[in-house]
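Values in this text are rule-based calculations from the coordinates and carry no lab data. Fair warning: this is a prediction, and the values are worked out from it, not measured in the lab. Here the Cβ is made from the backbone with ideal geometry for all residues, glycine too, and neighbour counts use every protein chain on show.
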Amino acid sequence: MARNGSNARIPVPKAPSGIQGLDAITNGGLPRGRTTLVVGSPGCGKTLLAMQFLAHGVLNHNEPGVCLQFEETAEKLAANVRSLGLNLDQFIRRKKLLVDHIRIDRNEIEETGAYNLDGIFIRLGHAVQSINAKRVVLDGIETLFAGLSEEAVLRSELRRLFRWLDEHNLTAIVTGERGDRTLSRHGLEEYIADCVIVMDHRITNQISTRRLRIVKYRGSSHGTDEYPFLIDDDGISLIPITGLELTHTAVKERVSTGIPALDEMMEGKGFYRGSSVLVSGRAGTGKSTLAAKFADAACGRGKSCLYFAFEESPSQIIRNMASVGIRLERWVRKGSLKFHATRPTSAGLEAHLAVMQKLIADSKPDVVIVDPITSIFSGWDTLGTKLMFTRLIDFLKVRHITSMFNHLTLGSADQTTAHESVSTLMDTWITVTDHNHGDGEPKRGLLVVKSRGMAHSRERRELVVSKGKITLGGVLRNHAPSQEVVE
């Protein structure tokens with residue numbers, strides 16, 4: 001952040017990248033009129049990020065762009081990004097984009113005299129002038145110096161290249177590969193660039209995760225954490241998941257649980273809108289039924305629900321709930337209920353969170369259900385999972401989305417620790433248990449362990465689940481749970 005003579009803060013001009021999340025963690029975009037270095041291993045998304053940056057400039061800011069491509073031909077590049085909805089050919093025909101492939105074969109290079117980039121400057125300068133370009137991408141910078149052994153010359157020409165881009169007031173992205181011991185291949189680019197972004201594609205426990213980190217950004221504050229990002233049909237999307245402050249407003253509006261008797265246990269009004277609810281219990285105690293009833297009630301009020309399923313397919317959930325009179329299929333047909341079903345082992349924790357946040361941001365539901373969170377705990381450490389759910393809950397609270405999380409309790413030490421770590425994050429905690437009745441008849445029990453900000457009953461009530469009927473019966477007294485549950 002620069003200052004003038006009167007000590008007023010003068011922000012560094014920014015050029016929006018158009019990449020979801022990246023502009024948020026850079027506080028507005030990449031430095032305008034300066035050079036940004038993007039480094040990473042092959043396949044991490046460097047070229048895609050650069051092309052989205054150029055396309056956004058053309059589509060939304062009337063800023064033509066030039067791409068000097070040192071690795072792929074213009075035709076191959078256009079074909080690669082076309083599947084992501086970027087039509088480079090259309091931009092080229094409108095003279096808003098110029099892609100120039102410069103073929104450099106290190107086997108054909110022979111050092112016979114002084115090496116310089118004068119030819120590149122002439123070629124790039126002509127391209128910029130021909131379409132009045134404001135944005136520039138140099139993709140694969142290390143290829144320019146293939147076969148060059150003189151390090152002093154290499155460093156001098158790199159500096160001259162970055163200086164040339166700055167002097168022509170071009171907002172530029174230069175992409176390059178990671179070095180063995182330095183960020184970039186030559187270990188100099190990161191020092192002379194004004195902004196440096198590192199992209200990473202790593203495999204942990206056979207699960208793939210892509211991450212992005214801003215190493216430096218001269219003259220501007222920025223996010224400093226590693227952020228997971230996705231590459232899907234919309235290109236790159238990065239959702240900041242750290243640094244959320246506890247500044248969300250608490251609303252007093254209440255929403256029904258879908259079960260009138262359960263509403264009565266919470267001042268006759270149900271949950272607070274925007275609150276987080278945990279329903280825990282052993283298998284077969286009715287957790288999914290409570291979640292389905294909550295979703296059904298929300299849709300019945302004209303609200304929308306996004307249901308994340310980690311164990312059952314949507315078809316199976318719909319079939320099972322129909323057996324107790326909850327007809328979810330009608331809301332799916334109407335579009336007010338949407339399912340997203342996936343295996344917890346299909347991605348890493350952060351990738352799951354990024355996907356969930358993207359779907360929530362796109363569909364803007366009133367209610368979110370995650371069933372069960374146990375499947376995610378089982379494959380990852382408790383601390384990492386708690387951090388994930390902290391970020392997800394904060395993300396939901398900021399948007400006043402009421403959420404319900406189902407958790408299967410197994411009784412092991414690890415499950416107890418995970419169980420307790422999540423329960424502390426929740427506004428309302430409900431446990432459901434199996435109880436042995438005196439005549440040998442098993443009964444389900446429901447207890448509201450806590451519900452922040454409201455008076456609530458502390459009596460354990462019988463949970464009655466039958467076809468067309470989900471309600472609460474009488475108080476269960478002197479009947480121990482058939483299996484111990486941590487409360």
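Overview of values
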item	result
Distant-in-sequence amide H partners of F271 (H built 1.01 Å from N, under 5 Å)	V255, T257
Rounded to whole Hz, the Karplus (6.51, -1.76, 1.60) HN-Hα couplings of the stretch 358-366, x for glycine and proline	5, 5, 5, 5, 6, 8, 6, x, 8
Cβ-Cβ FRET estimate between K76 and E253, R0 fixed at 51 Å, reported to 0.05	0.40
Calculated from backbone phi, Karplus (6.51, -1.76, 1.60) coupling profile of the stretch 317-323 in Hz, x at Gly/Pro	5, 4, 5, 5, 6, 4, 5
Inter-probe distance in nm under a simple model that places probes 7 Å from Cα toward Cβ, at R452 and R159	5.5 nm
Environment charge at T402 (Cβ cut-off 15 Å; Lys +1, Arg +1, Asp -1, Glu -1)	+4
Flagged links, alpha-carbon separation over 28 Å, of K364/K467; K252/K303; K364/K443; K338/K469	K364/K467; K364/K443
Amide H contacts of I173 (H built 1.01 Å from N, under 5 Å, at least 5 apart or other chain)	T36, V136, V137, L138
In order through the stretch 249-255: 3J(HN,Hα) via Karplus (6.51 cos²θ - 1.76 cosθ + 1.60), integer Hz, x for Gly, Pro	7, 9, 9, 9, 5, 10, 10
Under-5 Å amide H pairs with F229, H placed in peptide plane, nonlocal only	R210, R211, L212
Dipole magnitude (debye, nearest 20) for the stretch 300-341, charges at Cβ of Lys, Arg, Asp, Glu	340 debye
Under 21 Å from the Cα of K216 - lysines, other chains or at least 8 residues apart	K14, K46
